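Quick notes on the structure that follows.
The values are calculated or read from the model by the stated rules, or taken from the named source; none is laboratory data. None of the values given here were measured: they were computed from a predicted structure. Please note: Cβ atoms are built from the backbone with ideal geometry, for glycine as well, and neighbour counts cover all protein chains shown.
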Ligand SMILES: [Zn+2]
Ligand SMILES: [Zn+2]
C-alpha cells in the first residue's frame, strides 16, 4: 500500500456527502489503518456577505462558514464528540480529529483561533487558502475568475502571499492544494513560477510538508494539486509530501493515489512523509 492513512476528508455535518461513520467504513474497506476527518474551519466576519454563502445555504452546507469563532466552536464541539464515540466503536482503525483551516493573516484572527484551538485540541491542522481578502471582503477562486485581468492578477499575487504567510505562521502540519486557483484555470502561466518558488522556499524554511491533493484529477482533469511544475520544485527542495484524497464522498476515499504517487516519483519526489512525522510537527505557539 502506498500510504496507509488518509487525513484530508470531509463529512456531511459540513460540506461532505457522507456521515463520519460511513467515511470510516470506506477507509477501512480501502485498507487504511488511520483516517483523519478534516472539516472546514472558516471564520471571517464578512464571509456570509459573499454570494458563495447563499449558494452554500441552498446546497445544504452553509454550516461550513462561520462569521465568528464561537459559531465555529459550536459546530466542532459536537462533531469531535461524535468522532470520539466512533473511535470507541471502531477500535481497529485509528480516527483522528483534524481541521482544514482557512488562515487569515491578522492578529484578531490568530487570537480567536488560538482560543478555539485550546478548547478543541485537534490532532492536526491543514493550512489552506480558499480566499483572498480585499477591502474587508473575501473572494474565492470563482470570484477571481470573474474579475478583470488586473484585479485577478492582484488577487493571485495575494493568494501566493497568503500561502507564504500560512507557512510562516507555524500553525499547520501541512499545506493543502497549493495551486488551487488552477481549479478555474488561473495562475498557470510561466510568469507565476517565481512566486511559486518563493512559496516553496517559505515552506522549506518553516519545515512544513505539503500534500498532493488528488481531487485535482476530478476537477482539473490531468493533474492533482499541485501539478508537475510545482512538484518538480518540491522535489528539488526536498519538501516532505503526503497524499490526500480530499474526499467529500465515500467513493473518493483513496482516489487516484497510485496515479499521483507515480506522477510524483516521475518528477523526482523521494521524500514521502509518514503519519508519525506529520503528527509530530510542532506548533510553535499553540
Ligand atoms: Zn480545500
Ligand atoms: Zn478539503
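Miscellaneous remarks
- Here residue 279 fulfils each of the conditions (1) in contact with a strand residue (DSSP E or B) (Cβ under 8 Å, 6 or more places away or on another chain); (2) more than 16 Å from ligand 1 (Cβ to nearest atom); (3) without any contact (Cβ under 8 Å) to a residue 60 or more places away in the chain; (4) not in a loop (DSSP other than H, G, I, E, B) apart from (3).
- Comparison of 70, 111, 150 shows that the only residue that is in a helix (DSSP H, G or I), without any contact (Cβ under 8 Å) to a residue 24 or more places away in the chain and under 17 Å from residue 40 (Cα atoms) is 70.
- Note on segment 236-257: among residues that are crowded, with 19+ Cβ neighbours inside 10 Å and assigned to a helix (DSSP H, G or I), the one that is nearest to ligand 2 (Cβ to nearest atom) is 252.
- The residues on offer are 178, 166, and the sole one that is in contact with a strand residue (DSSP E or B) (Cβ under 9 Å, 6 or more places away or on another chain), in a loop (DSSP other than H, G, I, E, B) and closer than 13 Å to residue 199 by Cα is 178.
- Residue 142 satisfies every condition listed in (1) surrounded by fewer than 20 Cβ atoms within 10 Å (Cβ to Cβ); (2) more than 16 Å from ligand 1 (Cβ to nearest atom); (3) more than 30 Å from residue 25 (Cα to Cα) except (2).
- Any chance residue 129 is in contact (Cβ under 8 Å) with a residue 40 or more places away in the chain, within 20 Å of the chain's Cα centre (by Cα) and surrounded by 12 or more Cβ atoms within 10 Å (Cβ to Cβ): yes
- Test result for residue 235, in contact (Cβ under 8 Å) with a residue 40 or more places away in the chain and away from ligand 1 (no atom under 16 Å from the Cβ): no
The rows are residues; the columns are (1) within 16 Å of ligand 1 (Cβ to nearest atom); (2) surrounded by 14 or more Cβ atoms within 10 Å (Cβ to Cβ); (3) over 25 Å from residue 280 (Cβ atoms); (4) within 15 Å of the chain's Cα centre (by Cα).
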| residue | (1), (2), (3), (4) |
| --- | --- |
| 93 | no, yes, no, no |
| 103 | yes, yes, no, yes |
| 113 | no, yes, no, no |
| 137 | no, yes, yes, no |
| 175 | yes, yes, no, yes |
| 185 | no, no, yes, no |
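- Candidates 10, 44, 40 - the one that is at pLDDT 95 or above, more than 16 Å from ligand 2 (Cβ to nearest atom) and more than 18 Å from residue 258 (Cβ to Cβ): 44
- Residue within segment 193-200 that is modelled with pLDDT of 95 or more, assigned to a helix (DSSP H, G or I) and within 15 Å of residue 238 (Cβ to Cβ) present: yes
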